[in-house]
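> The structure follows.
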Amino acid sequence: MIAQNKRLFIILLTSVILLLIPLISMQFTTEVNWTLTDFVVAGALLFGTGLMCELVMRKIKKRKYRIALCVTLLAALFLIWTELAVGIFGTPLSGQ
């Protein structure tokens, strides 16, 4: 039980550390301009992806399926993140 809580804490801590990068960058440059909504959405994406990878690691027994599913989840995170940031697909959700 403690190992599970430790892994969830690591997922949360990793998400927070990654969100500190734009927060600190905003203090030194005007090129990074995130709003509270940006931080909430990014946090939900990072933490949600981490939780989904954790679920895959716990429930899927075969190693190659675990790797394939986690890579797929990370690819989805990357595509959603880039669409929200710069609009590579041109959806109404893009950052443009």
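Since every read-out is calculated from the coordinates, none of them should be taken as a lab result. Not measured: the values here are computed from a predicted model. Counting neighbours? That spans all protein chains shown, and the Cβs are built from the backbone with ideal geometry, glycine included.
> So what's the angle, to the nearest 10 degrees on a 0 to 90 scale, between helix 36-59 and the longest Cα principal axis of the chain?
10
> What is the angle, in °, between the Cα long axis of helix 2-28 and the longest principal axis of the Cα atoms in the chain? Nearest 10 is fine, range 0 to 90.
Roughly 10 degrees between the two axes.
> Taking the range 41-88, how much of its Cα-Cα pair set, in percent, is spaced more than 17 angstrom apart? Intermediate values should be presented prior to the final figure.
Values: 403 of 1128 pairs.
Result for the distance tail: 36 percent.
> Count neighbours as other Cβ atoms within 10 Å of each site's Cβ, and list the trypsin sites (Lys or Arg not before Pro) in the range 1-86 that are DSSP loop with at most 14 such neighbours. Show your work: numbers first, answer last.
Values: sites: Lys6, Arg7, Arg58, Lys59, Lys61, Lys62, Arg63, Lys64, Arg66; in loops: Lys61, Lys62.
Hits after loop and neighbour filter: Lys61, Lys62.
> Shifting gears a bit: Using the alpha-carbon centroid of each, what span in Å lies between the range 73-96 and the range 8-71?
One Cα centre to the other: 15 Å.
> Here's a follow-up. What angle do you read, to the nearest 10 degrees and between 0 and 90, between the alpha-carbon axis of helix 63-86 and the longest principal axis of the chain?
The helix 63-86 is inclined about 10 degrees to the chain.
> Same structure again: Beyond 18 Å, what share of the Cα-Cα pairs of the chain is found? Please give it as a whole percent. Numbers along the way, then the final one.
Values: 2559 of 4560 pairs.
Across the chain, Cα pairs with separations above 18 Å total 56 percent.
> State, to one decimal in nm, how far the label point of Glu83 lies from the label point of Arg66, with both points 7 Å from Cα in the Cβ direction.
Computed distance between label sites Glu83 and Arg66 equals 2.9 nm.
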